[in-house]
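Notes to accompany the following structure.
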Amino acid sequence: MRETDPSDCHVRRRTISRAALENRPVVPSGRRSQSRLRVRLPARIETLAEDFQVILADLSGNGARFLTDARLTRGSEVVLAWGRHEAFGEVVWCAHNQCGLAFVEPLDRRVLLDTRALNDAAQLPDDRAMLKQIASQWVRGVRRL
């Protein structure tokens, strides 16, 4: 009888995703399962340690993107608050003063509709207008950079 050399054996491993273990549908990485509502609203991020003022840039039932100078790390658990709404989620990416947030519980459709109405009524000025305002304040000595 021939002895089997362990280096000759090819073990084929099969990995099971966490979503499959939890009986959730697998969403391909880098793909959104829902379209995003583009907004420009003042919002607040609350962590266990502190709160940050941010600008909510887009929103869907499953997540959001916001603009911030805060140093948040991937995996941070936060509460996003805007208007009369708030949602608990996990930071899934941060780059170039922007972060993506995945909500733990999906938002109700009424929250998205209310946010759209809020955005139509009270939208922040665009980046160019904000920079012009900051520059004007700096020239007058009201603001320091």
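Bear in mind that the values in this text are calculations on the coordinates, not laboratory data. Fair warning: this is a prediction, and the values are worked out from it, not measured in the lab. Every residue, glycine among them, receives a Cβ derived from its backbone with ideal geometry; neighbour counts consider all protein chains shown.
Quick look at the numbers
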item	result
Label-zone membership for the range 103-120, site residue 79, 7 angstrom Cα→C-beta point, backbone N under 16 Å	103-105
Cα gyration tensor shape for the range 30-139, rounded if a/c is under 1.5, else prolate or oblate	oblate
Sites matching trypsin sites (Lys or Arg not before Pro) across the range 53-85 that sit in DSSP coil, with at most 12 neighbouring C-beta atoms within 10 Å	71, 74, 84
Ascending count of other beta-carbon atoms within 10 Å, so fewest first, for 59, 118, 113	113, 118, 59
